[in-house]
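Some notes on the structure that comes next.
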Amino acid sequence: MSSGDPFRGRRPRIAVLLGSGWAPLAQRVADPLCLPYAELPGFPATGIAGHRSELVLGRIGPHQVAVLCGRRHAYEGGDTAAMKGAITMLAAAGVELLVQTNAAGSLDEAMQPGELMMLGDHLNLVQQSPLVGESGSARFVDMRDAYDPALRAQAQGIARRAGITLHEGVYAWVLGPQFETPAEIRMLQTLGAQAVGMSTVPETILARHAGLRVLAFSLLTNMGCGLGAEALSHAHTLAVANDAAPRAVALLEAVIAGLEL
Ligand code: HPA
């Protein structure tokens, strides 16, 4: 590291974590300063196709942002706290809001591939926590309103004005990396989830523990296994995500630029 201030004088208020398909948002950052994760203490090494490992500091609309291009997933080695160092450091630097993005499978016929869903809540089906090993009463995080209701309302207003459909629903976190079976998809529907994916929930828990507000968006890349005709693969996820990316990124940019914290 070349200086005592890893963020080089930048003071981001909003961190944006880009998942599969959302990478083009990084090109929308004004006055960008790109820092490889390798130069940032606590940031993870990532190894997923379609994910870079770089932090882009700059501006979106009126807000100073830190855009995380790439996350390390729990399925890459079993560590649910892989993003802990990054989130802790962002919080210490003054970040107040974590905006997360991911690709997910839809469990609801009303939400079709290529469309967007904002997380209203989640199911931690992995039943693991990145907070295991923490001490003190702060580890007993209140997960009600994990996805900030006031900011969700703002995001819905911005989506409406932009003419972009933004569904809202419950995201079920599964470990992966294999996709679900048809029976598992039926189980998730019964449990009340509208989308399923392999990320996001650990970072939401870490962010709430660090005192950040959270918003999260899923780009729905497929119907859950057995609900649609297509065979699932990472290449299919990326192909649909890339097709839908312009609309997804336009919405995300408008939401971030328009938020009042
Ligand atoms: N299941 C889990 N994760 C996913 C899916 C899915 O169907 N699609 C994209 N990420």
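The values are calculated or read from the model by the stated rules, or taken from the named source; none is laboratory data. Model, not experiment: these values are computed from the prediction. Reconstructed Cβ throughout: ideal geometry from the backbone, glycine too, with neighbour counts over all protein chains shown. Areas reflect the complete protein model, heavy atoms only, side chains present, ligands, DNA and RNA absent. Shrake-Rupley method; radii C 1.70, N 1.55, O 1.52, S 1.80 Å.
P246 satisfies every condition listed in (1) crowded, with 24+ Cβ neighbours inside 10 Å; (2) not in a loop (DSSP other than H, G, I, E, B) except (1).
Screening segment 219-233 for residues that are farther than 11 Å from E180 by Cβ and either among the hydroxyl-bearing types (S, T, Y) or more than 9 Å from the ligand (Cβ to nearest atom) (or both) and picking the one that is farthest from the chain's Cα centre (by Cα) gives A229. Each residue in segment 214-261 was checked for being among the basic types (K, R) and in contact with a Phe, Trp or Tyr (Cβ under 9 Å, 6 or more places away or on another chain), and 0 of them qualify. It is to be established whether one or more residues within segment 218-234 are assigned to a helix (DSSP H, G or I) and touching a helix residue (DSSP H, G or I) at 6+ places or on another chain (Cβ under 9 Å). No: zero hits. A search for C-beta distances below 7 Å between a residue of segment 143-157 that is open to solvent by less than 50 Å² (accessible area, probe 1.4 Å) and any residue that is of a type in the set (K, R) and at pLDDT 95 or above, counting only pairs 6+ apart in sequence or on different chains, returns A146/R208; D148/R213; L151/R213. Taking segment 1-93 as the region of interest, the strands (runs of 3 or more DSSP E) fully inside it that hold 1 or more residues being more than 25 Å from R247 (Cβ to Cβ) are 30-36, 54-60, 63-69. Taken together, the criteria exclude P12 from residues that are touching a strand residue (DSSP E or B) at 6+ places or on another chain (Cβ under 9 Å), more than 16 Å from the ligand (Cβ to nearest atom) and open to solvent by 30 Å² or more (accessible area, probe 1.4 Å).
Being hydroxyl-bearing (S, T, Y) and open to solvent by less than 40 Å² (accessible area, probe 1.4 Å) is the filter here; which residues of segment 186-216 pass it? Once the filter is applied, which keeps residues that are hydroxyl-bearing (S, T, Y) and open to solvent by less than 40 Å² (accessible area, probe 1.4 Å), segment 186-216 yields S199, T200, T204.
Please specify each residue of segment 148-181 satisfying the condition of being among the small types (G, A, S), outside any helix (DSSP H, G or I) and away from the ligand (no atom under 16 Å from the Cβ). If the condition is that a residue be among the small types (G, A, S), outside any helix (DSSP H, G or I) and away from the ligand (no atom under 16 Å from the Cβ), then G163 is the only one that fits. Evaluation of E134 against the conditions (1) under 19 Å from I205 (Cβ atoms); (2) touching a strand residue (DSSP E or B) at 6+ places or on another chain (Cβ under 7 Å) shows that the sole unmet condition is (2).
Of the residues making up segment 217-233, those that are at pLDDT 95 or above and either under 13 Å from G197 (Cα atoms) or open to solvent by less than 40 Å² (accessible area, probe 1.4 Å) (or both) are F217, S218, L219, L220, T221, N222, M223, G224, C225. Consider H236 carefully, then state whether it is over 30 Å from V132 (Cβ atoms), within 14 Å of the ligand (Cβ to nearest atom) and open to solvent by 10 Å² or more (accessible area, probe 1.4 Å). Answer is yes for this residue.
So that you can scan it fast, the table gives a plain yes or no per residue for (1) touching a residue at least 40 places away in the same chain (Cβ under 8 Å); (2) within 14 Å of the ligand (Cβ to nearest atom); (3) surrounded by fewer than 17 Cβ atoms within 10 Å (Cβ to Cβ):
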residue: A92; (1), (2), (3): no, no, yes
residue: V99; (1), (2), (3): yes, no, no
residue: A103; (1), (2), (3): yes, yes, no
residue: A110; (1), (2), (3): yes, no, yes
residue: P113; (1), (2), (3): yes, yes, no
residue: L123; (1), (2), (3): yes, yes, no
residue: S129; (1), (2), (3): yes, no, no
residue: S135; (1), (2), (3): no, no, yes
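From the list A38, A45, the one residue that fits, being out of contact with any His (no Cβ under 9 Å at 6 or more places or on another chain), open to solvent by 30 Å² or more (accessible area, probe 1.4 Å) and either without any contact (Cβ under 8 Å) to a residue 12 or more places away in the chain or farther than 30 Å from G105 by Cα (or both), is A38. Just checking, does segment 176-185 include any residue being buried (at least 17 other Cβ atoms within 10 Å of the Cβ), in contact with a strand residue (DSSP E or B) (Cβ under 6 Å, 6 or more places away or on another chain) and modelled with pLDDT of 95 or more? Checking segment 176-185: not a single residue is buried (at least 17 other Cβ atoms within 10 Å of the Cβ), in contact with a strand residue (DSSP E or B) (Cβ under 6 Å, 6 or more places away or on another chain) and modelled with pLDDT of 95 or more.
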